[in-house]
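Let me begin by presenting the structure, written as C-alpha cells, before commenting on it.
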Amino acid sequence: MTDEAVVTGIGVVTPAGSTVGEFFDALCSGQSGLTAPAAELAAELGIDVAGFAPHVDPRDVLPPREARNVDRFILLALAAAERALADAGLEVGSDGRLEVGSGADPRRVAVVVSSTGGYATYEEQAHARARRGRLGVSPYMLPGMLPNMAAARIAIRYGARGPSSTISTACAAGAHAVAEAYRLIRDGDADVVICGGADAPLNPTVTAAFGNSRALATGWADPREASRPFDRRRNGFVLSEGAGILVVERAAHADARGAAGYADLIGWGASSDAHHVTSPLHDGDGAADAMRRALSRAGISPGEVGYVNAHGTATKLGDVAECRAIESVFGAHAPAVSSTKGVTGHPLAAAGAVEAAATALALARGMLPPTRNLDDPDPDCPADHVVKEARPARLTAAMSNSFAFGGHNVSLLFGQPSTRAARGAE
C-alpha cells in the first residue's frame, strides 16, 4: 500500500470559469475574468475593477430551510466541493451523503477548507443592530459567517466524519489547507481529504480598507488590464472572489476504486517572515525558506522543478520579493514562472487553493499558463516568465507559492501522479 497523496478531483468557482475545462482554458488563453462593476455597485464598493464569481443559488447547495442567512463564501465552497467530488468520481447516496459503497468510508474522509470569513453577513447584521437594537441581530449570524463554516457545511452535507478544520492565515490559508491534506494522508488520519479555500470579500468595508491602504489597482480604462503581475506598470492587485476545492486521496485508495490522478502532492513547506504585518522581507528570505522546506520534504532537487505558479499579486514589494526568493532557491536551475492572478484577480484565502488546482492541471496537461498583462517585465523581477501564450512543457514537478499579511509563507510541490491511471488532456 502506498501513502502518496494524489489529487483526484478539482472543483472551482472563479471569475475565469466554474468547470475544470473553462478555468484552465481561460488561464492558458489569458482570457481575463475581471470586469468593471455596474455603476451603482462601483460607487458602493469604491472600486472600478473586480473579479466576480458566478452566482450560486443557495437552494442548489443547501436544503431549503437552511438556504437563508448563509454567507456567499460558504455557497461558493459548497458549489466547488460538489464539483470536486463529482470530478473525483466519489458518488453520493440519495440523501446526498457519502456512503461506504461509494468507495470512501465517511469516517476516513476529512475536510480542511479555509476562508477569511463572512464579511457581508457581519456588516448586514451590524447595520441591523444599529437600526433595531439587539433584537435585530439574527440568531443565525454566527453559523452563517464564521470562517470554519465552509468546512463544517461540507462535512455535514456529505457526512464526512473524519477530521474537519479551518486554517486562518489570510491569503496563504487555501494553500495551508492543501498542505494539511498532505499531512492527514501521510500520517494515516484519512484516506480522502476535501480541501481548499473560499472567499467573498467584495464588500464595501473591505474594499475601503484595501483602497485606503493603496493596495488595489487603479486607473485602468480596461479592467482586463488592471492585474499586472511582475509588469513595470503594475500598481496593485485586483480583489476578487471564488473557491477552489481539491480532493486529495491516498493513492492506494484511489487505485482500489479505479480513480485517476491529476498529480501527486509530494511536499510542502511553510515559514514566517517574522518581519512586518503587511510587507514581506525585501530579499524574499522567508518565502525562500518555505520553498526549500517543500523541496526537502519532497526529497527532490531544485533542478527537478520545471514550473512555479507564483503568488504574484502585482504589488510593488511582493512581486520583487518573490522573484528574489525564486532566484535564491533555484539559481541557474531557473524554472518557468507565471502568475494566474492576471486572469483571476486575488480571491484572498481562496487564492492558494485555486492556484494549487492550476498547478496540478499544468502538470497533468503539460501546459504552462502565461502571466496576462506582463508586457514590460520589471527588471527587479527577473525570471523565466511565461508570457503572451501558454508554453508546452513536460514536467517532473511543479510548485505553487502563497504568501500573506503577517508574513505567512506556504509552498506546495506537485509531481506526476502515482495512480495507475492519470488525468491528462481532456
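The values are calculated or read from the model by the stated rules, or taken from the named source; none is laboratory data. Remember, predicted model here, so these are calculated numbers, not experimental data. For neighbour counting, all protein chains shown are included, and Cβ atoms are generated from backbone atoms with ideal geometry for every residue, glycine included.
Here is how the numbers come out for the structure above:
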{"item": "Cβ pairs under 7 Å, 6+ apart, first in the range 171-189 and among the basic types (Lys, Arg), second not in a helix (DSSP H, G or I)", "result": "Arg186/Asp3; Arg186/Ala5"}
{"item": "Residue in the range 94-108 that is at pLDDT below 95, of a type in the set (S, T, N, Q) and over 26 Å from the mean Cα position of the chain (by Cα) present", "result": "yes"}
{"item": "Tally, over the range 248-291, of residues that are assigned to a helix (DSSP H, G or I) and either among the acidic types (Asp, Glu) or under 21 Å from the mean Cα position of the chain (by Cα) (or both)", "result": "8"}
{"item": "Any hit, the range 1-18, residues being in a helix (DSSP H, G or I) and not assigned by TED's automatic domain parsing to the domain that holds Gly345", "result": "no"}
{"item": "Checking Gly261 against (1) free of Cβ contacts under 8 Å to residues at least 40 places away in the same chain; (2) outside the structural domain of Val320 (by TED's automatic domain parsing), the condition it does not meet", "result": "(1)"}
{"item": "Hits in the range 246-271 (condition: out of contact with any Cys (no Cβ under 7 Å at 6 or more places or on another chain) and of a type outside the set (Gly, Ala, Ser))", "result": "Val247, Glu249, Arg250, His253, Asp255, Arg257, Tyr262, Asp264, Leu265, Ile266, Trp268"}
{"item": "Test: residue in the range 19-38 that is surrounded by fewer than 22 Cβ atoms within 10 Å (Cβ to Cβ) and under 19 Å from Arg153 (Cβ atoms)", "result": "no"}
{"item": "Check on Phe405, in contact with a Cys (Cβ under 8 Å, 6 or more places away or on another chain), closer than 30 Å to His276 by Cα, at pLDDT 95 or above and not hydroxyl-bearing (Ser, Thr, Tyr)", "result": "yes"}
{"item": "Candidates Val109, Val137, filtered to the one that is among the β-branched types (Val, Ile, Thr) and farther than 19 Å from Ala259 by Cα", "result": "Val137"}
{"item": "Looking only at the range 196-214, and only at residues there that are farther than 28 Å from Thr359 by Cα and in contact (Cβ under 8 Å) with a residue 60 or more places away in the chain, the one that is surrounded by the fewest Cβ atoms within 10 Å (Cβ to Cβ)", "result": "Ser213"}
{"item": "Pair list, Cβ under 9 Å, 6 or more apart: the range 215-227 residue at positive phi, other residue in a loop (DSSP other than H, G, I, E, B)", "result": "Gly219/Asp48; Gly219/Ala226; Gly219/Asn235"}
{"item": "Set Ala321, Ala422, Ala360, Ala332: member being of a type outside the set (Val, Ile, Thr) and without any contact (Cβ under 8 Å) to a residue 24 or more places away in the chain", "result": "Ala332"}
{"item": "Wholly enclosed helices (runs of 4 or more DSSP H) of the range 99-210 bearing at least 1 residues among the basic types (Lys, Arg)", "result": "119-132, 149-158, 173-186"}
{"item": "Hey, Gly103 on the phi > 0 side of the Ramachandran plot and surrounded by fewer than 18 Cβ atoms within 10 Å (Cβ to Cβ) or not", "result": "no"}
{"item": "Meets criteria (crowded, with 18+ Cβ neighbours inside 10 Å and of a type outside the set (Asp, Glu)) for Val137", "result": "no"}
{"item": "Odd one out for Gly261, checked against (1) under 30 Å from Tyr122 (Cβ atoms); (2) in contact with an Asp or Glu (Cβ under 9 Å, 6 or more places away or on another chain); (3) small (Gly, Ala, Ser)", "result": "(1)"}
{"item": "Set Gly284, Gly303, Gly269: member being more than 30 Å from Val111 (Cβ to Cβ), at pLDDT 95 or above and crowded, with 23+ Cβ neighbours inside 10 Å", "result": "Gly284"}
{"item": "The range 346-367: number of residues that are small (Gly, Ala, Ser) and more than 11 Å from Gly242 (Cβ to Cβ)", "result": "7"}
{"item": "Some residue of the range 301-311 being within 23 Å of Ala217 (Cα to Cα), touching an Asp or Glu at 6+ places or on another chain (Cβ under 7 Å) and assigned to a helix (DSSP H, G or I)", "result": "no"}
{"item": "Check on Phe237, touching a strand residue (DSSP E or B) at 6+ places or on another chain (Cβ under 7 Å) and farther than 23 Å from Ala397 by Cβ", "result": "yes"}
